[in-house]
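J.: After the structure tokens below, expect a handful of questions from me.
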Amino acid sequence: MLKNIPSILTPELLKVLMEMGHSDELVIADGNFPRSAHPDRVIRLDGHGIPEILDAVLKFMPLDSYVEHPMILMKVMDGDPYVPEIWDKYREIAAKYEENGARELPIDRFEFYERAKKAYAVVTTGETALYANIILKKGVVKE
């Protein structure tokens with residue numbers, strides 16, 4: 001055990017975060033995310049929600065300050081009246097750690113899946129909110 005590391009950050013997830021370099025992407029996926037969109041590195045955090053994982057990850061991993069949109073969300077399908085309220089939680093969490101906030105961009109579901117296939121890793125969760133999937137582009141540690 002280590003001091004001051006949130007217990008939600010498993011040894012496997014910490015290893016992946018340490019391995020990732022500038023511009024590598026991490027997917028944090030909701031419980032409905034399809035297996036076919038996973039790359040080789042999958043970290044299971046069943047029973048946890050995305051906001052608590054996002055909060056723990058952003059304490060240690062900066063978002064890419066050199067791109068306009070370092071946080072990618074899955075856009076609501078055309079004709080679907082659902083409003084993903086969880087996005088507001090993501091913005092609140094990002095604002096705690098990022099000077100310029102989340103700077104998110106929603107993209108089409110299938111475009112999201114294709115991008116996820118190229119991600120460094122996918123964290124699968126037990127998140128039940130719809131359209132909760134998120135991709136984080138890692139930035140440069142400047143400290």
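J.: Taking Cα centroids, how far is region 126-143 from region 1-73 in Å?
T.: About 6 Å separates the Cα centre of region 126-143 from the one of region 1-73.
J.: Using the Karplus curve 6.51 cos²θ - 1.76 cosθ + 1.60 with θ = phi - 60°, what ³J(HN,Hα) values do you get for each residue of region 27-32, in whole Hz, with x for Gly and Pro?
T.: 9, 10, 10, 6, x, 9
J.: Follow-up question, since we're still on this one. Name the GluC sites (Glu not before Pro) in region 1-77 that are in a loop by DSSP and that have at most 14 other C-beta atoms within 10 Å, would you? Before the final figure, lay out each step's value.
T.: On the way: sites: E12, E19, E25, E52, E68; in loops: E68.
Passing both the DSSP loop test and the Cβ count: E68.
J.: How would T128, T10 line up by accessible area, probe 1.4 Å, largest first?
T.: Putting T128, T10 in descending order of accessible area: T128, T10.
J.: Turning to a different aspect of this structure: Which stretch or stretches of region 9-51 have amide N atoms under 14 Å from the point lying 7 Å from V141's Cα along the Cα→Cβ direction?
T.: 14-23
J.: What is the sum of charges around E85, taking Lys and Arg as +1, Asp and Glu as -1, for the other residues whose C-beta is under 13 Å from the C-beta of E85? Before the final figure, lay out each step's value.
T.: Working: positive: K89, R91; negative: D88, E92, E127.
Taking every other residue near E85 into account, the sum is -1.
J.: In square angstrom, what is the accessible area per residue of the chain with a 1.4 angstrom probe? Don't skip to the end; give the middle numbers.
T.: Numbers: 7950 Å² over 143 residues.
Per-residue value: 56 Å².
J.: Can you tell me how region 7-58 classifies by the Cα gyration tensor, rounded, prolate or oblate, using a/c under 1.5 as the rounded cut? Kindly include the intermediate steps, with their values, before the conclusion.
T.: Numbers: a/c = 1.60, a/b = 1.09, b/c = 1.47.
Judged from the Cα gyration tensor, region 7-58 comes out oblate (a/c at least 1.5, b/c at or above a/b).
J.: Normalised by the number of residues in region 9-143, what is the relative contact order in percent for Cα pairs under 8 Å and 6+ residues apart?
T.: Normalised by residue count, the contact order of region 9-143 is 51 percent.
J.: Output wanted: per-residue J couplings in Hz (rounded whole) for region 40-54, from phi through Karplus 6.51 cos²θ - 1.76 cosθ + 1.60, θ = phi - 60°, x for Gly and Pro.
T.: After applying 6.51 cos²θ - 1.76 cosθ + 1.60, I find 5, 8, 10, 10, 8, 10, 3, x, 10, x, 5, x, 5, 6, 4 Hz.
J.: If you roll a 1.4 angstrom probe over the protein chains with everything in place, what fraction of the accessible area of the chain belongs to carbon and sulfur, to the nearest %?
T.: Working: 4070 of 7950 Å².
Whole-percent figure for carbon plus sulfur exposure: 51.
J.: A follow-up question, please. What is the antiparallel percent of DSSP beta bridges lying wholly in the chain, to the nearest 5?
T.: Working: 8 of 20 bridges.
In the chain, approximately 40 percent of DSSP beta bridges are antiparallel ones.
J.: With Cα Rg over 2.2 N^0.38 Å defined as stated, name the option among (1) 0.97; (2) 1.23; (3) 1.85 computed from the structure displayed.
T.: (1)
J.: Just flag the GluC sites (Glu not before Pro) in region 77-137 sitting in loop per DSSP whose Cβ has no more than 13 other Cβ atoms within 10 Å. Show your work: numbers first, answer last.
T.: Values: sites: E85, E92, E98, E99, E104, E111, E114, E127; in loops: E85, E98, E99, E127.
Hits after loop and neighbour filter: E85, E99.
J.: How much length, in nm to one decimal, is gained on full extension between F60 and R41, taken as 0.36 nm per residue of separation minus their Cα-Cα distance? Don't skip to the answer; put the middle values down first.
T.: Working: separation 19, 0.36 × 19 = 6.84 nm, distance 1.96 nm.
Full extension of this stretch gives 4.9 nm more.
J.: Which is the longest part of the chain that has none of the trypsin sites (Lys or Arg not before Pro) sitting in a DSSP loop with at most 14 other Cβ atoms within 10 Å? Before the final figure, lay out each step's value.
T.: Details: sites that count: K3, K59, K118, K142.
Free of exposed loop sites, the longest segment is 60-117.
J.: Quick check: with the 1.4 Å probe, what order do V140, V123 take by accessible area, largest first? Walk me through the numbers on the way to the answer.
T.: Details: V140 60, V123 0 Å².
From most exposed to least exposed: V140, V123.
The values are calculated or read from the model by the stated rules, or taken from the named source; none is laboratory data. This structure is a prediction, so every number in the text was calculated from the model and none was measured. Please note: Cβ atoms are built from the backbone with ideal geometry, for glycine as well, and neighbour counts cover all protein chains shown. Only protein heavy atoms, including side chains, enter the accessible area calculation; ligands, DNA and RNA are left aside. Shrake-Rupley method; radii C 1.70, N 1.55, O 1.52, S 1.80 Å.
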